[in-house]
Each structure stands twice: as C-alpha cells, then as structure tokens.
Amino acid sequence: MSIAFYMDHHVPRPITVALRIREVDVITTLEDGTSEIDDPALLDRATELGRVLFTQDDDLLAEASRRQEAGIPFEGVIYAHQLYVSIGTCINDLEIIAKTGKVG
C-alpha cells in the first residue's frame, strides 16, 4: 500500500499539483477545511484520515517530537525546510516515499 499525503497549508501549490500529475494520493488542509486549525488538531486529522502530514512548518516538528516522547500515536510527519529544499527536490522525494514506502 502506498503512502497518502496530507499537505499543510504552508506547502507551495506546485508541489501538490506535480504530485497529483505523478498519481500520488494527496489532499490539502485547504480542501479539507482545516487550514486554520492548530498543530495538534492537524496531526490528529491527518491520523484520522490515515495520511502522513507533509509540512514546511518548524512548529509541527516540535509537536511531532512531543507526541513521540509521550507515546501518542500519529500517522507520521515529513518535513522539508522552505529555504534549503527546492520544490523539485520535494516533488521527487515525496513521489519516491509515496510509491515505495509503507505506513504501519
């Protein structure tokens, strides 16, 4: 089973569009109506949907770390720094993760 992504509102639209062209299962927080909720609720929603959250927001890393340390389950987080990882690299790496990775 491939990995499905839940795209945080910080992610540039070209990444989402390119992944869809490459037939990667992606939905955005904007499409889901959750682009304004706080980080803990966002991770909960991604987990509820069975999707790995992709973000470029440093704060989500802190929440994911807190959950790991506390043993609170969540589907997963993939992070790419906005300034140091290009859009093209994000697209290529996320496609590989989606098509070759497994959740669980």
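The values are calculated or read from the model by the stated rules, or taken from the named source; none is laboratory data. This one's a predicted model, so the numbers in the text were calculated from it and none came from an experiment. Positions of Cβ are backbone-derived with ideal geometry, glycine not excepted, and every protein chain shown enters the neighbour counts.
Within segment 26-36, take every residue that is in a loop (DSSP other than H, G, I, E, B) and touching a helix residue (DSSP H, G or I) at 6+ places or on another chain (Cβ under 7 Å) and give me the one that is modelled with the highest pLDDT.
Here is the first cut: in segment 26-36, the residues in a loop (DSSP other than H, G, I, E, B) are 33-36.
Subset that is touching a helix residue (DSSP H, G or I) at 6+ places or on another chain (Cβ under 7 Å): 34-35.
Numbers: Thr34: 92, Ser35: 85.
Result: Thr34.
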TODO: Taking the residues in segment 77-95 that are under 12 Å from the mean Cα position of the chain (by Cα) and more than 20 Å from Arg22 (Cβ to Cβ) as candidates, determine which candidate is surrounded by the fewest Cβ atoms within 10 Å (Cβ to Cβ).
DONE: Tyr79
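From the list Thr47, Thr55, Thr100, Thr16, exactly one residue is hydroxyl-bearing (Ser, Thr, Tyr) and over 14 Å from the mean Cα position of the chain (by Cα). Which is it?
Details: Thr47 fails: over 14 Å from the mean Cα position of the chain (by Cα); Thr55 fails: over 14 Å from the mean Cα position of the chain (by Cα); Thr16 fails: over 14 Å from the mean Cα position of the chain (by Cα).
Just a single option satisfies the conditions, and that option is Thr100.
How many of the residues in segment 57-83 are among the hydroxyl-bearing types (Ser, Thr, Tyr) and either in a strand (DSSP E or B) or touching a Gly at 6+ places or on another chain (Cβ under 6 Å) (or both)?
First, the residues of segment 57-83 that are among the hydroxyl-bearing types (Ser, Thr, Tyr): 65, 79.
After this cut, where a residue has to be either in a strand (DSSP E or B) or touching a Gly at 6+ places or on another chain (Cβ under 6 Å) (or both) as well, the list is 79.
Result for segment 57-83: 1.
Could you tell me whether Tyr6 is surrounded by fewer than 19 Cβ atoms within 10 Å (Cβ to Cβ), hydroxyl-bearing (Ser, Thr, Tyr), within 21 Å of Thr100 (Cβ to Cβ) and touching a residue at least 12 places away in the same chain (Cβ under 8 Å)?
On the way: surrounded by fewer than 19 Cβ atoms within 10 Å (Cβ to Cβ): no; hydroxyl-bearing (Ser, Thr, Tyr): yes; within 21 Å of Thr100 (Cβ to Cβ): yes; touching a residue at least 12 places away in the same chain (Cβ under 8 Å): yes.
The answer is no for Tyr6.
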